Amino acid sequence: MNVTGIIFTNDASLGELTNKRTSGSIPFGGRYRQIDWALSNMSCAGIRHIGIISRHSYQSLMHHVGDGEEWGLELEEGGLEFLTPYATNTTDKYRGKLESVYNAMDFLEFSDEADDDDLVVMTDSAVLANVDLKAVIDAHIASGKQVTVVTKAGIANGEKKLDLALKLDENGEVADMVVDYVASDDYVASMDIFVLNKKKLIKWVKDMVARDKYHMDRDLVMGGWRRGQIGVNVYPFEGVALFNESVEEYFANSLSLIKKDVRHDIFNGRHPVYTKVRDRVPTYYGEDCDIENSLIADGCMLDGEVEDSVLFRQVTIEKDAEVENCIIMNDSVVGEGAELKYVILDKNVTVTPGAKLIGTKKNPIIVKRGETV
Amino acid sequence: MYFQKKRVIAMLLAGGQGSRLHVLTRKTAKPAVPFGGKYRIIDFPLSNCVNSGIDTVGILTQYQPLELNEYIGNGQPWGLNKTHSCAQVLPPYERNDKKSGWFEGTANAIYKNIDFVDRFDPDYVVILSGDHIYKMDYNAMVEYHVAHNAACTIAVRNVPLAEASRFGILNTNPDNSIYEFEEKPAKPKSTNASMGIYCFSWSVLREALIADEEDPNSSKDFGKNIIPNLLNAGHKMMAYNFDGYWKDVGTIDSLWEANMETLGKNPEFDLRGGKRETIYARNSALPSSYIDEDAKIVNSFVAEGCEVYGKVLHSVISVGCTIGEDAVVEDSVVMPGVVIESGAIVRHAILGEDSKVCKNAVVGGAFAEDEKKKISVTSKGAVVEANTVLLPGDML
């Protein structure tokens, strides 16, 4: 049995944060990019043939992932492949996941013809979780169903619109399925992690795209299930799952890492999370700094006050600056005496001395990459 | 097999025991001893090589090489794993000629690896050691060597006269050429101390190594034999002045001091630095550090993967450490993976890798002025039990 991985990277739009990057390359948790969870989950489950599907703005993603060395994926055979729209003959951007998989058929059909028991694991990069995919694969095989979907309880709340939500009966079997719908709290949310038989996936994709069906959740999973053609197995995930599908969620989830149980589960619940190595010095805490309840990456120079915040690599907080409930990305500088509350500073931002930026929990101020305020 | 000719290669002597580091090198070679929060001593010469454009480094190991070999691996963290670059670990080995067996001295170690050096057909060989903390452009030294048409160039630094008798002292002419070398002289004539960094023209060194092996009384050492022999034979030897930060971290005191000298706004030794000054290290896959609301950190380095709940003052905290609630760490070097439990006090100490200070234990003290100099040390994996005391200057 061979397992092939597919990671989708343009699955959520987070305003300014995805202006020039994929959701996979959004910085998260101080020293990571969102795709690190999908890559680490796959790598730690022994998946050695992974395709990364990107529709647009994938330069930062390619730069981050490189040849996959940090994830142990720089291999002679298999390893990583970028599946971008212009990599094949098609000149159109993808309308949906099925279409993008269709266009990446060469990747799926690479080398020999698939064996009957070969599997494909598909994940997104907007839902972050430290998942043991080996256990998911084992559960999929044991279920005898055609598709396994990993779900999380407690996400559906009657307010959040979900890509795919499922209602289970008392035996854990699927009783209802909805797509792009504000489901009530008796539904479980799909974490956009699927396990499928490779040969069947190839056939389904070809059949559906031929009929102008290109939506993975709607046409393949829900459609197949409703038609009685596809048996769907549910794998309930018990750990922490962070759905970063809006700026508000991204902001709240980033700050939730300060909580010990969230932090320990997401970073090291089942295996380490790997990321691109940067050779930065340790963080230096100066004579006058006051750091409380925060997550601090390497290479920072801290002289001011930081509370309930996440600081990325090589951030400078000058004397008498006050930073509260903020996310400050790589290489940004907060000048002397500046005051920041509920702010996301993208990479390389300079906050001039004395500046004052006050956002709110629901609407944090986002300062674009490289700007000076 | 094809080996690209190299103008310069480096040979790094990393086989010494480092016995003056006592418990810290009980199970580890000195070059593998952690430094500065996320580095190991060997990262400094290795990174200097890379930053100087030297992409071929032979690393001679002998004493407790397991951890060191694992750390160096294929040289990937320093970018020395490419098609035409290498970081090759060279342990002693058996063969059916004189080059068989243990390294019997610094010169003997290179002699036994003449075949390795010959593969690259280098014009110059830079000899380095694995126990110094410094940033240096070796290429500038090689260019100096070439410009002066020397057979051997030795990096020197000015030391206080009172300390000069601890070093190999080079007495030079006004043009910086060396006329005399004295190993640890009782009455030093100058303060030009050898830093143990040599640049040789390979043809000259190769010949000198072979000749030295023929001498039954030789201790097969660069300082004691090779350098004096070359001088006596009339070769041109130059002193290369280096006035940047440099520290031999061969003792507990100097290792502690060097760590402390990385701290401050304008530290004596700046771990940061410009483009060609980055120190590379093998990175661990650890998340950012968590600093609790009751934590207090002043004038300290804290590397990644730490959880700090207590107080850290003027200290270096390495990757993956936990500092518990109400614990106090002051004037200390805390190596990777150390756990300091709640209420413990650590002052003026070096805590070895993965060691543990249990609840309310006390390590070191430095309460009275005369105790200031005594550093307490825990070895790798040692446990200071709850409510016990490790006295100033004691080792566990």
Worksheet entry | Positions within segment A:1-24 being part of a helix (DSSP H, G or I) and open to solvent by 10 Å² or more (accessible area, probe 1.4 Å), in sequence order | A:Gly15, A:Glu16, A:Thr18
Item to complete: Considering each residue of segment A:269-301, count those that are buried (at least 23 other Cβ atoms within 10 Å of the Cβ), over 22 Å from B:Gln76 (Cβ atoms) and over 27 Å from the mean Cα position of the chain (by Cα), and give that number.
Response: 4
Discussion item. Please count how many residues of segment A:108-120 are open to solvent by less than 10 Å² (accessible area, probe 1.4 Å) and either farther than 20 Å from A:Gln229 by Cα or hydroxyl-bearing (Ser, Thr, Tyr) (or both).
Written reply: 1
Practice prompt. May I ask you to list the residues in segment B:308-361 that are over 24 Å from B:Ile41 (Cα atoms), within 14 Å of another protein chain (Cβ to nearest Cβ), open to solvent by 20 Å² or more (accessible area, probe 1.4 Å) and not basic (Lys, Arg)?
Written response: B:Tyr309, B:Glu325
Worksheet entry | Unmet criterion (only one of (1) of a type in the set (Gly, Ala, Ser); (2) part of a loop (DSSP other than H, G, I, E, B); (3) open to solvent by less than 20 Å² (accessible area, probe 1.4 Å)) for B:Ala10 | (2)
Worksheet, complete the sentence: Flagged in segment B:236-294 as in contact (Cβ under 8 Å) with a residue 24 or more places away in the chain, aliphatic (A, V, I, L, M) and within 20 Å of A:Ile296 (Cα to Cα), in numbering order, are B:Leu263, B:Leu271, B:Ala281, B:Leu286
Worksheet item: From the list B:Ala109, B:Ala162, B:Ala150, which one is under 25 Å from B:Met195 (Cα atoms), without any contact (Cβ under 8 Å) to a residue 24 or more places away in the chain and aliphatic (A, V, I, L, M)?
Response: B:Ala162
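Per-residue answers, yes or no, for (1) open to solvent by 10 Å² or more (accessible area, probe 1.4 Å); (2) out of contact with any Ser or Thr (no Cβ under 6 Å at 6 or more places or on another chain); (3) outside any helix (DSSP H, G or I):
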position: A:Met191; (1), (2), (3): no, yes, yes
position: A:Lys199; (1), (2), (3): yes, yes, no
position: A:Ile202; (1), (2), (3): yes, yes, no
position: A:Asp207; (1), (2), (3): yes, yes, no
position: A:Arg218; (1), (2), (3): yes, yes, no
position: A:Tyr235; (1), (2), (3): yes, no, yes
Worksheet item: Which residues, taken from segment A:306-323, are within 12 Å of chain B (Cβ to nearest Cβ), open to solvent by 30 Å² or more (accessible area, probe 1.4 Å), within 16 Å of A:Ala355 (Cβ to Cβ) and without any contact (Cβ under 8 Å) to a residue 24 or more places away in the chain?
Response: A:Thr316
Item to complete: Name the one entry in A:Glu336, A:Glu287, A:Glu292 that is within 12 Å of chain B (Cβ to nearest Cβ), farther than 17 Å from B:Glu304 by Cα and not small (Gly, Ala, Ser).
Response: A:Glu287
Item to complete: State yes or no: is A:Val262 closer than 28 Å to A:Met42 by Cα, among the β-branched types (Val, Ile, Thr) and free of Cβ contacts under 8 Å to residues at least 24 places away in the same chain?
Response: yes
Worksheet item: For segment A:25-63, what are the residues that are surrounded by fewer than 22 Cβ atoms within 10 Å (Cβ to Cβ), closer than 25 Å to A:Ser332 by Cα and modelled with pLDDT of 85 or more?
Response: A:Gln59, A:Ser60, A:Met62, A:His63
Response to the item:
In segment A:135-177, residues that are surrounded by 17 or more Cβ atoms within 10 Å (Cβ to Cβ) and either touching a helix residue (DSSP H, G or I) at 6+ places or on another chain (Cβ under 8 Å) or in a loop (DSSP other than H, G, I, E, B) (or both) total 12
Worksheet, complete the sentence: Of the conditions (1) within 18 Å of the chain's Cα centre (by Cα); (2) surrounded by fewer than 24 Cβ atoms within 10 Å (Cβ to Cβ); (3) not in a helix (DSSP H, G or I), the single one that B:Thr83 does not satisfy is (1)
Worksheet item: Restricting attention to segment A:251-263, does a residue exist that is under 18 Å from A:Lys152 (Cα atoms) and among the aromatic types (Phe, Trp, Tyr)?
Response: no
Worksheet item: Within segment A:188-196, is there a residue that is farther than 25 Å from A:Ser54 by Cα and assigned by TED's automatic domain parsing to the domain that holds A:Gln229?
Response: yes
Practice prompt. Please find, among B:Glu104, B:Glu94, B:Glu67, the residue that is open to solvent by less than 60 Å² (accessible area, probe 1.4 Å) and charged (D, E, K, R).
Written response: B:Glu67
Fill in: Filter result (facing chain A (nearest Cβ under 7 Å) and either open to solvent by 40 Å² or more (accessible area, probe 1.4 Å) or in a loop (DSSP other than H, G, I, E, B) (or both)) within segment B:282-294
B:Asn283, B:Ala285, B:Pro287, B:Ser288, B:Asp292, B:Glu293
Worksheet, complete the sentence: Counting only residues in segment B:260-273 that are closer than 17 Å to B:Asp43 by Cβ and away from every other protein chain (no Cβ under 11 Å), the one most open to solvent (accessible area, probe 1.4 Å) is identified as B:Glu261
Worksheet entry | Conditions (1) more than 12 Å from every other protein chain (Cβ to nearest Cβ); (2) in contact (Cβ under 8 Å) with a residue 60 or more places away in the chain; (3) surrounded by fewer than 20 Cβ atoms within 10 Å (Cβ to Cβ); number of the one not met by A:Phe243 | (3)
Worksheet entry | All positions within segment A:341-354 that are buried (at least 21 other Cβ atoms within 10 Å of the Cβ), not in a loop (DSSP other than H, G, I, E, B) and not β-branched (Val, Ile, Thr) | A:Leu345
Practice prompt. Provide a single number: the residues in segment B:51-74 that are part of a loop (DSSP other than H, G, I, E, B), touching a residue at least 24 places away in the same chain (Cβ under 8 Å) and in contact with a strand residue (DSSP E or B) (Cβ under 9 Å, 6 or more places away or on another chain).
Written response: 7
Fill in: Qualifying residues in segment A:246-268 (those that are hydrophobic (A, V, I, L, M, F, W, C) and either assigned to a helix (DSSP H, G or I) or more than 13 Å from chain B (Cβ to nearest Cβ) (or both)) - the one most open to solvent (accessible area, probe 1.4 Å)
A:Ala252
Worksheet item: Would a scan of segment B:246-259 turn up a residue that is under 20 Å from B:Pro336 (Cα atoms), more than 14 Å from chain A (Cβ to nearest Cβ) and among the aromatic types (Phe, Trp, Tyr)?
Response: yes
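The values are calculated or read from the model by the stated rules, or taken from the named source; none is laboratory data. Everything quoted here is computed from the prediction, not taken from an experiment. Reconstructed Cβ throughout: ideal geometry from the backbone, glycine too, with neighbour counts over all protein chains shown. Each accessible area value is taken on the protein alone, full model and side chains, heavy atoms only, with ligands, DNA and RNA left out. Shrake-Rupley method; radii C 1.70, N 1.55, O 1.52, S 1.80 Å.
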